Amino acid sequence: MTEAPQTEQHESTSFEGYFRDADFAPAQPLAWALSQRQELLEALRGLFNGPQAMVQLRLWCFMELAAQPQARLSRDDVNRLFHAVLPDALETVLKRLRDINLLVWDATPQDYHLSPLAQQVHGLLAPMTTPPAAEYDDMAALLSQVAGAQQLGLVSTNQLKHLHAQLARLHDEFSDAIASGSESRLRVAQPRFDRALELVDRAGQALTALIRAEHEDPRLEREARAIGQEQARLLSMASQFTRALQQADRQRVTLGSTGLTTSDVRAWLQRHPALWEIMGEALAVPVRPVMVSQHDLVDVAEGEFERDRPVSQGLAGLPPPAEAAHGTLDTLSLPPELGNLISLLDRWSEMATEEAAQRAAAQAAGEAPNPDAPAPGTRPLSDAILGGRFAQAAYRMQLMPLVGDAQAQTLKGLTGDLARAPWQWQFKAQHISAADEAVALVSDGFVQPIQFDAQGHPIPLPADDREPIVLMPRPAPEAKPKGRAKSAKATAPSSAPQNPNEAQA
């Protein structure tokens, strides 16, 4: 008993029978769209079913019938059209076309005509009628479909997805050619790359119109923007492709004074029909010794003997073990203000937790919450910045934008710890006087823990696009003159600046 083929063991009467979950297929948009075109699928299956020669004959007859300018063809017209085909083969083809509802026989006028289903099948198979040309015809067909559909307002999401995928494949193909550094691959890919850029440039107007147009389906705009990004990636690769070709040109070697280069030799070898014939009978010739004169041998031998050579020490063992010397490893340390700021925020977090617990207990006791009260743990911005010398305060002020920064949160070390601190801050347009020995004015603002909504998402503070944060140093006290210099100084006209800003400068 012979074992059934693998394909027959998994045959199913329904499309859903090939899935682990029968409800998965109808939920997919593409599978649902295909399920609505069962008549078209049956027509294609009947058209391409059978031996290869019969399928080719059937497809040729169908495309010839679809290309006729007459709406109806009598049997005599069909016989004249396919006069070179054997009668039995022609009857078989016509019968199959009638069975799959592509060709309709009207008994009253005794003629044939194509069905509406045949028009759909012809639209699908029309690209097969063009002779194979360049390798970029696949993208040219997709671009022409998208551009034409955009002019008619019939663009579909599937067309844009196919074009997006084709552009991504072309980008990867050209990237591999550039990364390989092979001149042959670059030369082969160059015409395809130039043609792809030309096609993308011509279709750019249609793609721009798709992006700017208002669509009822948001997927169309999303796919159009994705295609625009792939188009930009492909255009930005032009400079890389040019540099790779220039690098290959610099690596080309000219063979003597013949004018031939290694690229010419490679191209000739690639076009040679039988490379093994180049060897000829070279392998059948024995090795031929090269005879030199005695004087040459003596000169070479003397030169070898007289040449200085390092004295061989023979086999030497490993050196004895020794302890490593004590040393110090100097590493770059961050300023202590960064660690102090992180410690300060940690202490404030503990205090904010206690304050939030006290407010919750007060509300549980029946005390009405104050809607104008700040969030638990809210602190003035100056408390996190001021302290110490003006340079230290300025450094802490420069560290504040790192709090809550999304990019800095991925870093390791103290910088990432500061960015991951559960705090947020905001400053106002007005300035306040600071009771600090080094700072006179500082921007008003506050620092508070991150608040979360009912869904657990952080509530961002309103964006503030006003003036940047300001920190103004306190002017140094003027030294008092002593003795006679004091009276002399007093009689002279004062040249000290009266503006505090000038004093700061």
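The values are calculated or read from the model by the stated rules, or taken from the named source; none is laboratory data. Note that this is a predicted model, so its numbers are computed, not measured. Cβ atoms come from the backbone with ideal geometry, glycine included; neighbour counts cover every protein chain shown. These area figures cover heavy atoms from the full protein model, side chains too; ligands, DNA and RNA do not enter into them. Shrake-Rupley method; radii C 1.70, N 1.55, O 1.52, S 1.80 Å.
Tabulated values for the structure
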{"read-out": "So L59, is it part of a helix (DSSP H, G or I), in contact (Cβ under 8 Å) with a residue 60 or more places away in the chain, on the phi < 0 side of the Ramachandran plot and surrounded by 15 or more Cβ atoms within 10 Å (Cβ to Cβ)", "value": "yes"}
{"read-out": "Counted residues, segment 397-416 - those being assigned to a helix (DSSP H, G or I) and either of a type in the set (G, A, S) or open to solvent by 70 Å² or more (accessible area, probe 1.4 Å) (or both)", "value": "7"}
{"read-out": "E302 being in a helix (DSSP H, G or I), over 39 Å from the mean Cα position of the chain (by Cα) and modelled with pLDDT under 85", "value": "yes"}
{"read-out": "Failed item, numbered, when V439 is tested on (1) open to solvent by 80 Å² or more (accessible area, probe 1.4 Å); (2) at pLDDT 85 or above; (3) among the β-branched types (V, I, T)", "value": "(1)"}
{"read-out": "Single residue of V93, V78, V104, V85 found to be free of Cβ contacts under 8 Å to residues at least 40 places away in the same chain, within 20 Å of A43 (Cβ to Cβ) and over 53 Å from the mean Cα position of the chain (by Cα)", "value": "V78"}
{"read-out": "Selection status of A84, modelled with pLDDT under 85 and of a type in the set (A, V, I, L, M)", "value": "no"}
{"read-out": "Answer from A232, A284 - the residue that is of a type in the set (A, V, I, L, M, F, W, C) and at pLDDT 75 or above", "value": "A232"}
{"read-out": "Selected residue (criterion: nearest to L125 (Cα to Cα)) from residues of segment 34-48 that are open to solvent by 40 Å² or more (accessible area, probe 1.4 Å) and in a helix (DSSP H, G or I)", "value": "L44"}
{"read-out": "Positions within segment 324-372 being β-branched (V, I, T) and surrounded by 10 or more Cβ atoms within 10 Å (Cβ to Cβ), in sequence order", "value": "I342, T353"}
{"read-out": "Segment 427-436: number of residues that are touching a strand residue (DSSP E or B) at 6+ places or on another chain (Cβ under 6 Å) and surrounded by fewer than 17 Cβ atoms within 10 Å (Cβ to Cβ)", "value": "3"}
{"read-out": "Candidates R271, R243, R252, filtered to the one that is at pLDDT below 75, basic (K, R) and exposed (fewer than 15 other Cβ atoms within 10 Å of the Cβ)", "value": "R252"}
{"read-out": "P376 being touching a helix residue (DSSP H, G or I) at 6+ places or on another chain (Cβ under 7 Å) and free of Cβ contacts under 8 Å to residues at least 40 places away in the same chain", "value": "no"}
{"read-out": "Residue within segment 430-450 that is free of Cβ contacts under 8 Å to residues at least 24 places away in the same chain and either in contact with a Phe, Trp or Tyr (Cβ under 9 Å, 6 or more places away or on another chain) or within 21 Å of L338 (Cβ to Cβ) (or both) present", "value": "no"}
{"read-out": "Selection from segment 65-124 of residues that are over 24 Å from P51 (Cα atoms), in a loop (DSSP other than H, G, I, E, B), in contact with a strand residue (DSSP E or B) (Cβ under 8 Å, 6 or more places away or on another chain) and open to solvent by less than 70 Å² (accessible area, probe 1.4 Å)", "value": "S115"}
{"read-out": "In segment 94-122, the residues that are under 15 Å from Q68 (Cβ atoms) and either modelled with pLDDT of 90 or more or among the aliphatic types (A, V, I, L, M) (or both)", "value": "L94, L97, L102, L103, V104, L114, A118"}
